[in-house]
1. Among A:P60, A:A110, A:L127, which residue has its Cα furthest toward the positive end of the charge dipole of segment A:47-310, with +1 on Lys/Arg Cβ and -1 on Asp/Glu Cβ?
2. Which of B:L252, B:L15, B:L106 ends up with the largest GNM mean-square fluctuation for chain B, with Cα atoms connected below 10 Å?
3. How well do other chains shield peptide B:281-291, expressed as the mean number of their Cβ atoms within 10 Å of each residue Cβ?
4. I'd like the mean, over residues of A:313-323, of how many other protein chain beta carbons sit within 10 Å of each residue's own Cβ.
5. How tilted is helix B:251-270 with respect to the longest principal axis of chain B? Cα atoms for both, answer in degrees (0 to 90, nearest 10).
6. If you build the convex hull over the alpha carbons only and average its shadow over all orientations, what do you get for segment A:47-310? Give it in nm² to one decimal.
7. Dipole magnitude of segment A:47-310 about its Cα centre, charges +1 at Lys/Arg Cβ and -1 at Asp/Glu Cβ only, in debye to the nearest 20?
8. Dipole of chain B, Cα-centred, from +1 at each Lys and Arg C-beta and -1 at each Asp and Glu C-beta, to the nearest 20 debye?
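Derivation of every value follows stated rules applied to the coordinates shown; laboratory data play no part. No experiment lies behind these values; they were computed from the predicted model shown. In this analysis, Cβ positions are derived from the backbone assuming ideal geometry, glycine residues included, and neighbour counts consider all displayed protein chains.
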Amino acid sequence: MSKRFKSILTPIIAVLLGIIVGTIIMLVSGYNPVAAFTALWNGAFGEVYYLGEVVRQFTPYILAGLAVAFAFRVGLFNIGVEGQFLVGWLAAVWVGVAFDLPRVIHLPLAILAAIVAGALWAFIPGLLKARFRVHEVIVTIMMNYVALHVSNYLIRNVITNHGDNSGPIHKSATLRSPWLESITDYSRLHWGILLAIISCFIMWFLLERTTRGFELRSVGFNQHAAQYAGMNVNKNIILSMVISGAFAGLAGAMEGLGTFEYAAVKGGFSGVGFDGIAVALLGGNTALGVFFSAILFGVLKVGALNMPLEAGVPNELVDIIIALIVFFVASSYFIRVFLDRISKKEVK
Amino acid sequence: MSLMDILIILVPSTLLWAAPLVFTALGGIFSERSGVVNIGLEGLMVIGAFSAIVFNLFTFDTFGSATPWIALLIAMAAGALFSMLHAVAAITFRADHTVSGVAINLLATGLTLFLVKLIFDKGETGIISKGFSKIDIPILKDIPVIGKIFFQNTYWTSFLAILVAIIVWFIVAKTPFGLRLRSVGEHPMAADTMGINVTKMRYYGVILSGALGGLGGGVYAQSITSNFSHSTISGQGFMALAAMIFGKWHPLGSLGAAIFFGFAQSISIIGSSLPFLKEIPNVYLLIAPYVLTILALTGFIGRADAPKASGTHYIKGNR
């Protein structure tokens with residue numbers, strides 16, 4: 001078995017194990033797994049409306065996944081995607097409600113604001129890591145909560161006068177289009193999916209085809225070797241966090257300018273940032289892998305909403321399956337040992 | 001309103017909010033001191049909160065007023081059991097500790113809400129009829145001034161938290177078990193050479209963190225929210241993690257940090273009814289724990305260094 005084949009097989013086995021354990025949980029709790037998975041399938045592909053919602057759902061997943069994956073490739077764990085996503089969302093909506101410009105200027109400006117906000121939010125942990133060697137995991141977790149509370153504060157006190165909702169953005173800043181809505185039976189599908197696909201390409205090109213990308217990957221493989229080879233490790237660490245945050249901020253723009261077209265005070269996290277970790281892990285931290293695993297998670301999440309209606313199974317079952325998939329991918333050591341055993345037997 | 005009146009409101013409320021953080025942060029210390037990073041504290045609190053509330057709801061008729069305390073034991077057992085997943089993944093299967101912790105959090109929320117819907121057929125449980133309620137501590141409440149501030153209208157769990165912190169400090173700093181635990185977290189190879197079973201010590205560390213995290217969740221749910229829903233535990237586990245770091249991985253330091261964070265949380269809730277404090281925008285109090293933790297890590301408030309081997313896997317025979 002070649003190494004490449006194994007690296008593709010491992011996530012597939014993890015997904016299968018996740019689904020098997022999910023099925024067992026349903027059987028134990030007295031639900032009908034066949035009905036549940038049929039409902040999930042119908043809820044994702046049964047109608048063109050659902051299909052539109054699936055695409056709408058996996059658009060931010062792709063970007064959040066890219067954000068986590070990009071940092072991972074440089075050896076950093078950006079748990080702060082959620083926070084960068086929230087500030088991106090807020091910045092996009094802020095520009096969306098505050099200005100009144102022609103669409104060709106307004107929409108790009110709002111998207112840019114989200115990217116810059118996310119990048120700046122990620123710059124802080126990057127700088128602290130490079131300058132003070134502070135572990136980025138803890139700082140980004142803390143920054144998530146700071147982002148949550150600060151953006152709630154800004155919505156309440158700056159954007160509105162003690163309101164809980166920013167109100168809808170101007171039509172000139174929206175990512176939605178009447179055409180996309182009409183072909184998908186008025187789902188919330190928007191043009192963001194194009195940006196997400198372009199972002200996948202950017203990540204691949206940047207990492208695999210440029211000198212800068214080579215440096216970033218070198219730092220990820222071995223900081224000391226990279227340093228010895230004359231690369232500026234600190235600069236690359238900061239840069240990778242900034243790019244990662246930019247992807248996360250863009251993911252926020254997808255929600256702010258596409259799905260919801262407003263920003264509201266939140267009691268807790270949206271979960272997109274944490275799902276992004278799952279997406280990146282399952283996708284093996286590559287652009288193409290992220291794309292496909294985001295589709296899988298988008299299908300699961302949107303399809304799950306149909307499960308309580310059609311099969312009477314709580315949609316949280318899908319959250320359990322996603323968590324299990326993360327578990328099995330993380331513990332892929334035992335899957336690999338198992339695969340090694342099999343391939344050794346074949347040789348004999 | 002005199003200063004005395006303010007303290008009478010503020011001190012019990014601070015300790016009420018701090019207690020769950022103290023327990024959970026102490027759990028985090030056991031895990032991290034053994035070298036296993038535990039981002040899953042939040043999930044362990046969720047499991048603890050869920051099992052305590054469910055147990056309380058179903059057995060109140062049997063156990064009466066002892067129910068909340070027995071529910072805490074159940075929460076500890078559930079947390080310990082659940083943390084085994086993290087232990088197996090992070091220690092035996094060599095999963096990235098942070099990733100496995102994230103999975104614990106995702107799984108805990110998914111599983112508990114699934115079970116809530118399975119058992120109660122709606123998104124939240126009912127309200128428990130007996131949680132931890134305000135009490136006056138006998139004898140101590142009669143001490144002038146201090147008794148009124150610290151020992152009246154307060155909660156047993158607050159004092160239990162302080163007691164447990166002292167016990168944990170004693171275990172970690174003064175017992176052979178604590179020494180082994182710390183050595184495994186600092187330099188596992190040296191510990192192994194001295195005949196300490198690294199894997200076993202790390203399992204102990206993680207399982208203890210599960211028990212204490214579950215305890216923290218059980219205390220929180222039974223003294224503050226009184227029911228279980230998706231929003232019962234929202235960030236307390238991460239705040240406990242922050243308290244652990246701000247306390248520099250030291251049980252008493254973390255106790256202090258947790259009390260301080262409890263203070264910030266309680267002010268952000270009751271602050272509007274107090275003079276001086278209502279002038280401060282809420283947002284500063286809400287973000288204070290997190291910003292302070294970042295500053296502590298950066299070295300502006302005394303440098304906080306994690307145990308040397310935290311987050312690494314110990315593989316026998318590797319250098």
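1. A:L127
2. Most flexible of the set in this elastic network: B:L106.
3. Details: counts 3, 5, 9, 2, 1, 7, 9, 2, 3, 11, 4.
The mean count of partner-chain Cβ atoms within 10 Å per residue comes to 5.
4. Values: counts 3, 9, 4, 12, 6, 2, 7, 9, 2, 4, 12.
Taking the mean over all residues of the peptide, I get 6.
5. Once rounded, the angle reads 40 degrees.
6. On the way: hull surface 57.6 nm².
Average of the hull's projected areas for segment A:47-310 equals 14.4 nm².
7. Values: 16 positive and 14 negative charges, 170 e Å.
Charge dipole, segment A:47-310, about its Cα centre: 820 debye, nearest 20.
8. On the way: 19 positive and 13 negative charges, 155 e Å.
So the magnitude is around 740 debye.
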